[in-house]
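A short worksheet on the structure shown next.
The values are calculated or read from the model by the stated rules, or taken from the named source; none is laboratory data. These numbers were taken from a predicted model, which means no experiment stands behind them. Here the Cβ is made from the backbone with ideal geometry for all residues, glycine too, and neighbour counts use every protein chain on show. Only protein heavy atoms, including side chains, enter the accessible area calculation; ligands, DNA and RNA are left aside. Shrake-Rupley method; radii C 1.70, N 1.55, O 1.52, S 1.80 Å.
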Amino acid sequence: MHLMVRNLLLSAGLLGASLMAPQALAETAAKTSAANAFEQAYAALQQAHQQQLPSHELRSYAQSAYQAASAYFGDEHINTAKMKLSFLNVLTPSQHSSGDFADLATSVLDTYESEYGADADELIPALMMVLRTQPVRAHLRKNRALFERLIEAAERSPSLSVEQQLRLKIDAATLLLAQGNPASRALLDFPEQAQQQLGASHDLTLLAEFSAARYLEVNQQTRSATDYFEKISQHPFTEQASETQLSIKYMSHARLVATYEGIGESDKATKHCLAIAAMGRGIGDEEEPTPIYRVNPKFPPSMARDGHSGSTVLMFDINKLGMVENIRVEEASHKAWARAATKALQQWRYAPRYVNGASVDTVNRKVVFDFNIRR
């Protein structure tokens, strides 16, 4: 007999007893069934993690585990809260920010507070998850209070290193930035803290600078943001540079391409396109290059006045430097839309695709532009 089931039966007095009331027997059987269901769901989740399954597959196993825990332990039990947090941890950032899981994260925090107390270190991951799951238009004052509470918990935690504390602060403030919360201004404080504590070349110092630049960029302080991005892009990385350092440098070049194209300084944008090409890196899947700068076509005034809608399908190539070339009109509802779409696509910039460490041309890409009048 399985050890967990045997222990449950012993605790219920079922083993070794000749008689038991039908109601008690049914309750014990139900508890045994719930215990088995949880044990199986938890074992399946552990195996899924060991197999390193993709997040969309892990999600199903994690959801089954927390639902089985709720049925066995009760919804407010600490073990159930841990299973809920495990489920939330396998969700993607876009799923976190959808707002669909905010109540679930809050229930985890409530249980952790009840179990460990309001000031315990154990609350840090729960507080972070509540912030992660807030919708874009979240309650500003409430989330600022959560952020301040998280920072205080991190700073007094004896178990977190300086690096862990700083990373937690940057991640939390970045979440507030995505939500449009003014408290994200704390990102401007972290570069100096990081440089003093960790040095100018540390991964977290560069991340703090990049995050501060993103705050400035979002808040339309373009010049100050550009200064940060330029500083990072010019950082003298060695051959032993970490993946984090290279990614931050790459993203800084990409942001500078978008910034300079946006203000009409294409020569400067081209310089950073060339720098990206020289890094020998691409964004995303090699088969699907991702644009680092793009603009939408302008709706032709004559078509807008007449209330027309339609679409244009364009084919194009991307050269080794990430420039769009050889645009062909595959399909167009009207010549005016084709002209507008072509003019916009000519301005797009890509990171070049790489094969075996060398940039290559990408041919026969397709994009569809829809022109619709909102009424």
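In the condition set (1) over 30 Å from GLY322 (Cα atoms); (2) charged (D, E, K, R); (3) touching a Pro at 6+ places or on another chain (Cβ under 8 Å), GLU209 is compliant with all but (1).
In this structure, PRO182 does not qualify as at pLDDT below 90 and either open to solvent by 20 Å² or more (accessible area, probe 1.4 Å) or under 30 Å from LYS271 (Cβ atoms) (or both). If you go through the range 53-86 and keep only what is of a type in the set (Phe, Trp, Tyr) and more than 19 Å from GLU113 (Cβ to Cβ), you end up with TYR61, TYR72.
The number of residues in the range 114-135 being in a helix (DSSP H, G or I) and over 21 Å from LYS169 (Cα atoms) comes to 3. Tallying residues that are buried (at least 18 other Cβ atoms within 10 Å of the Cβ), part of a loop (DSSP other than H, G, I, E, B) and in contact with a Lys or Arg (Cβ under 9 Å, 6 or more places away or on another chain) within the range 185-222 yields 0. Restricting the range 158-206 to residues that are touching an Asp or Glu at 6+ places or on another chain (Cβ under 8 Å) and in contact (Cβ under 8 Å) with a residue 40 or more places away in the chain leaves a set whose member that is farthest from MET129 (Cα to Cα) is LEU204. Filtered by the rule that a residue be assigned to a loop (DSSP other than H, G, I, E, B) and either open to solvent by less than 20 Å² (accessible area, probe 1.4 Å) or touching a residue at least 12 places away in the same chain (Cβ under 8 Å) (or both), the range 67-81 gives ASP75, GLU76, HIS77. Counting only strands (runs of 3 or more DSSP E) that sit completely within the range 311-375, those holding 1 or more residues that are free of Cβ contacts under 8 Å to residues at least 12 places away in the same chain correspond to 324-332. Comparison of TYR260, TYR228 shows that the only residue that is open to solvent by less than 30 Å² (accessible area, probe 1.4 Å) and not acidic (Asp, Glu) is TYR260.
Looking only at the range 82-131, residues that are touching an Asp or Glu at 6+ places or on another chain (Cβ under 9 Å), open to solvent by 30 Å² or more (accessible area, probe 1.4 Å) and either aliphatic (A, V, I, L, M) or closer than 18 Å to TYR61 by Cβ (or both) come to 0 in all. When the range 231-251 is filtered for residues that are among the aliphatic types (A, V, I, L, M) and either over 14 Å from ALA275 (Cβ atoms) or surrounded by 20 or more Cβ atoms within 10 Å (Cβ to Cβ) (or both), the ones remaining, listed by number, are ILE232, ALA241, ILE248.
Here's a check for you: in the range 307-337, which residue that is small (Gly, Ala, Ser) and within 32 Å of the chain's Cα centre (by Cα) is surrounded by the most Cβ atoms within 10 Å (Cβ to Cβ)?
Step by step, filter the range 307-337, then rank; the result is GLY322.
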